[in-house]
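Everything on this sheet refers to the single structure shown next.
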DNA sequence: ATTAATATGTGAAATTAGTAACAAATTAAT
DNA sequence: ATTAATTTGTTACTAATTTCACATATTAAT
């Protein structure tokens, strides 16, 4: 029952709860969470219920215990190391991003084939892809962010997997063909923008 | 029946078809498209069928005509102008991105409240948010990319809408509360990374 | 020409996801 | 203490999505 959509929602609850906690709140209700997440109150209760998370019949849910329960689901206790591959526009943005710690993650290295880009200095070292295996072994990395151009995405992904990566967050607009044990999560910014345009366009289409 | 998930799939078909066309292919089959997109062949045929796109009972689908049909669905003929708000890490990546044209879009301006950032020079001008309305009117902009920090996202989004924006591609990890006519599409990179971690973790969890 | 092979197209069945309705518990009010 | 109000938790129902099964068209082979 570890459903995909359900996991997505639980993530959203978790984010919303962190916000609410930040605002100083101690408890919340399915309908307040609904406001924060856009998910219907019943579905929220059902999700919680199915994951064994229980509230009080009139007191709602205690934010801290909710977050604890969700941490059990999502939080590996050990900090997880990730690597970034590709120092293009997106790659450069992601290496400068500072919020990994907040999600209990740590970016340990960046890789790029371009020697010029490797001279750049960030808070994490930049290597040639030849050093990948070494880094993967040294830091026990299993997840990589792939931010290389479309034309080299498949090949690079394959190389990552050969060197011990088993999860890829892929920014290239291609379906990566990889062994079945590898998990891929795709982010395609242009496609999201296009769809937004489409829906706007449809709505405002001349009669 | 202009369903959301269906539109998402049609977009994926379109991308795959563009790739196949680029590779010099003239026709394709539901099962080949399935390989490229990860969608089952039946579902592909059904999607096409429901949108009035028809193939030949043994000859498969003609890539060019398929793309034409999809263009009718997705392609506004007029190039669509977009603006970008926020010149942080992601914003800087998006302003440097060169592929908008390819999707028949055009980034006409960037906005940031930080005067220092406004001194940077890109291929598009950087303005203070005060100029937003002017730009929106001059370039007939209805869609904005919102790449500001979480704490100012809601407020900024509201301001965008007040000044004529009706579609937002939101990178901030909050559910924007906006009037019903406004369309929002969210991209949350950390949440995608976390989910990848979660699924990897679940799979490799000690027994 | 006939037969075999291959792909599409589609109604029915199965699966999955989400909503509605309401009982049970808890708190607040009188 | 009793009653009323509120909120969770769950079962039954409804809706949406996907797959299955197979008829139908088209091409290729003999």
Rounded to the nearest Å, what's the spacing between the alpha carbon centres of segment A:112-181 and segment A:22-76? Just the number, please.
-> 36 Å
Mean other chain Cβ within 10 Å across A:42-55 is 0
Helix B:189-204 axis, angle to chain B major axis (alpha carbon atoms, nearest 10°) = 50 degrees
Label distances, nm, residue A:77 versus same residue in remaining copies, Cβ-directed 7 Å point | 6.5
Kindly give the distances from residue B:3 to its copy-mates, label point to label point, with each label point 7 Å from Cα along Cα→Cβ, as nm values to one decimal ordered shortest first.
-> 1.5
So how long is each side of the protein assembly as shown along the principal axes, counting just the alpha-carbon atoms, biggest first, in Å?
-> 57, 51, 48
Helix A:4-22 versus the longest principal axis of chain A: what angle, 0 to 90°, nearest 10, using Cα atoms?
-> 70 degrees
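Evaluate E = 1/(1 + (r/R0)^6) for residue A:25 and residue A:77, where r is the Cβ-Cβ distance and R0 equals 30 Å; express this FRET efficiency to the nearest 0.05.
Details: r = 26 Å, r/R0 = 0.86.
Given R0 = 30 Å and the Cβ-Cβ separation, E is 0.70.
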Neighbouring Cβ atoms within 10 Å as the yardstick, rank A:156, A:37, A:28 fewest first.
-> A:37, A:28, A:156
Cubic angstrom per residue, convex hull over Cα atoms of segment B:1-139 | 140 Å³
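Taking the Cβ of each residue in B:58, A:101, A:76 as the centre, tally the other Cβ atoms inside 10 Å and list the residues starting with the fewest.
Fewest to most other Cβ atoms nearby, the residues stand as B:58, A:101, A:76.
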Values of log10 I(q)/I(0), in the order q = 0.10, 0.12, 0.19, 0.25 Å⁻¹, for segment A:115-207 under a Debye, Cα-only, solvent-free model | -0.37, -0.50, -0.94, -1.31
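Report the relative contact order of segment A:4-73, percent, no decimals, based on alpha-carbon pairs under 8 angstrom and at least 6 residues apart. Working shown, then result.
On the way: 54 pairs, mean separation 26.6, N = 70.
Worked out over segment A:4-73, it gives 38 percent.
Determine the relative contact order of chain B: mean sequence separation of Cα pairs under 8 Å and six or more apart, normalised by residue count, in whole percent. Write out the running numbers ahead of the final one.
Details: 259 pairs, mean separation 26.7, N = 207.
Relative contact order for chain B comes out at 13 percent.
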Among the residues of chain A, which one places its Cβ closest to the rotation axis that maps chain A onto chain B, and what is that distance in whole Å?
-> A:93, 2
Kirkwood hydrodynamic radius of segment A:4-73 from all distinct Cα pairs, in Å?
-> 11.7 Å
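When Cβ neighbours within 10 Å are restricted to other protein chains, what is their mean count per residue of peptide B:89-96? Mind showing how you got there, number by number?
Numbers: counts 9, 7, 1, 4, 10, 5, 1, 5.
For peptide B:89-96, the averaged partner shielding equals 5.
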How far apart are the residue B:102 label points across copies, placing each 7 Å from Cα toward Cβ, in nm, shortest first?
-> 3.0
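Average partner chain C-beta neighbours within 10 Å, per residue of A:183-191? Each step should come with its number before you reach the end.
Working: counts 7, 2, 8, 3, 5, 4, 10, 8, 7.
Per-residue shielding by partner chains comes out at 6.
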Between residue B:116 and residue A:68, the two model label points (7 Å from Cα along the beta-carbon direction) sit apart by a distance in nm of 4.2 nm
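Based only on Cα atoms, what Rg/Rh ratio does segment A:91-159 have, Rh being taken as Kirkwood's radius?
On the way: Rg = 12.1 Å, Rh = 12.9 Å.
Rg divided by Rh gives 0.94.
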Kirkwood Rh and Cα Rg combined as Rg over Rh, evaluated for segment B:37-86 = 1.15
Order of B:139, B:151 - criterion: other Cβ atoms within 10 Å of each residue's Cβ, fewest first | B:151, B:139
Can you give the extra length, in nm with one decimal, that the chain gains between residue B:162 and residue B:177 once fully stretched, where that is 0.36 nm per residue apart less the Cα-Cα distance?
-> 4.1 nm
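Quick note: the coordinates plus some simple rules give every number you see, no bench work behind them. What you see is a predicted model; the values in this text were computed from it and never measured. Methodologically, a virtual Cβ is constructed for each residue, glycine included, from the backbone with ideal geometry; neighbour enumeration extends over all protein chains shown.
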